[in-house]
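K.L.:
Mind looking over this structure? Questions follow.
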Amino acid sequence: MYNINPDKGIYLLNFSPRPYISEDAIIDCEVLSVKVNKIPDTVELKQYLYNLQSEYDKSDEVNYFLLEGKKCWLNKSDRVGLINSINIQKDSGALVTNLWLNGTSYPVSIDYALDFLRQLELYAIACNNITQIHIAEISQINDRDALFMYNITTGYPSPIEFDNTQIIKV
């Protein structure tokens, strides 16, 4: 729905609440808000939702995995580059490689590193599929109230928590 500031002619669009956890406390939800100068039509509402969906898809609420309790992420180009580099190491007979995450080196076996990257890529693919499903669903909604209530955060897989027992102690 929307709130109006009559003195300024500004509308605050409030989209569906979503779960939110702050570092200080657990809050039931967070409302996604957008400031606009007029009440938008359904086409404009859809565009706002597409933009919010895109931001959420790129956020660290989706793009992360856990290693030793720390949030980490490798973007697509880094994942592809690492797979290529580690396969070159494997073809050269190496048994161990170093994964650098958030400035920390994690020595792991070549096979574990490749499996780690495979799992991470599958997670990223699953997340992208959910994002595309949301975009398709938003495109089919023509009711203003339904657009305001659409939750762009549902359906995403839980982030992967990698087993740190595979890290080689040196």
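K.L.:
Which of the following residues is surrounded by 12 or more Cβ atoms within 10 Å (Cβ to Cβ), part of a strand (DSSP E or B) and among the aromatic types (Phe, Trp, Tyr): Tyr106, Tyr112?
P.N.:
Result: Tyr106 is the single residue among Tyr106, Tyr112 that is surrounded by 12 or more Cβ atoms within 10 Å (Cβ to Cβ), part of a strand (DSSP E or B) and among the aromatic types (Phe, Trp, Tyr).
K.L.:
Could you list, in sequence order, all residues of the stretch 139-170 that are part of a helix (DSSP H, G or I), open to solvent by 60 Å² or more (accessible area, probe 1.4 Å) and farther than 23 Å from Leu122 by Cα?
P.N.:
Gln140, Arg144, Asp145, Met149
K.L.:
May I ask you to list the residues in the stretch 118-170 that are under 23 Å from Ser85 (Cβ atoms), among the β-branched types (Val, Ile, Thr) and free of Cβ contacts under 8 Å to residues at least 40 places away in the same chain?
P.N.:
Hit for the stretch 118-170 is Ile125, nothing else.
K.L.:
Scan the stretch 74-87 residue by residue and report those that are among the aliphatic types (A, V, I, L, M), assigned to a helix (DSSP H, G or I) and open to solvent by less than 70 Å² (accessible area, probe 1.4 Å).
P.N.:
Scanning the stretch 74-87 gives Leu82, Ile83, Ile86.
K.L.:
Please determine, by comparing only the residues of the stretch 75-119 that are in contact with a Ser or Thr (Cβ under 6 Å, 6 or more places away or on another chain) and polar (S, T, N, Q), which one is nearest to Tyr64 (Cα to Cα).
P.N.:
Asn98
K.L.:
Which of (1) open to solvent by less than 80 Å² (accessible area, probe 1.4 Å); (2) in contact with a Leu (Cβ under 8 Å, 6 or more places away or on another chain) is the odd one out, the single condition Lys90 does not satisfy?
P.N.:
With (1) open to solvent by less than 80 Å² (accessible area, probe 1.4 Å); (2) in contact with a Leu (Cβ under 8 Å, 6 or more places away or on another chain) applied to Lys90, the lone miss is (1).
K.L.:
Pick out the one residue from Thr131, Thr97 that is open to solvent by less than 30 Å² (accessible area, probe 1.4 Å) and under 30 Å from Asp41 (Cβ atoms).
P.N.:
Working: Thr97 fails: under 30 Å from Asp41 (Cβ atoms).
Result of the check over Thr131, Thr97: Thr131.
K.L.:
Also: Go through the residues of the stretch 1-23 one by one and say whether even a single one is surrounded by 12 or more Cβ atoms within 10 Å (Cβ to Cβ), of a type in the set (Ser, Thr, Tyr), modelled with pLDDT under 95 and within 21 Å of the chain's Cα centre (by Cα).
P.N.:
yes
The values are calculated or read from the model by the stated rules, or taken from the named source; none is laboratory data. Bear in mind the structure is a predicted one, so any value in this text is a computation, not a measurement. Quick reminder, even Gly has a Cβ in these numbers, built from the backbone with ideal geometry, and neighbours come from all protein chains shown. Please note that ligands, DNA and RNA were not included when accessible areas were found on the heavy atoms of the full protein model with its side chains. Shrake-Rupley method; radii C 1.70, N 1.55, O 1.52, S 1.80 Å.
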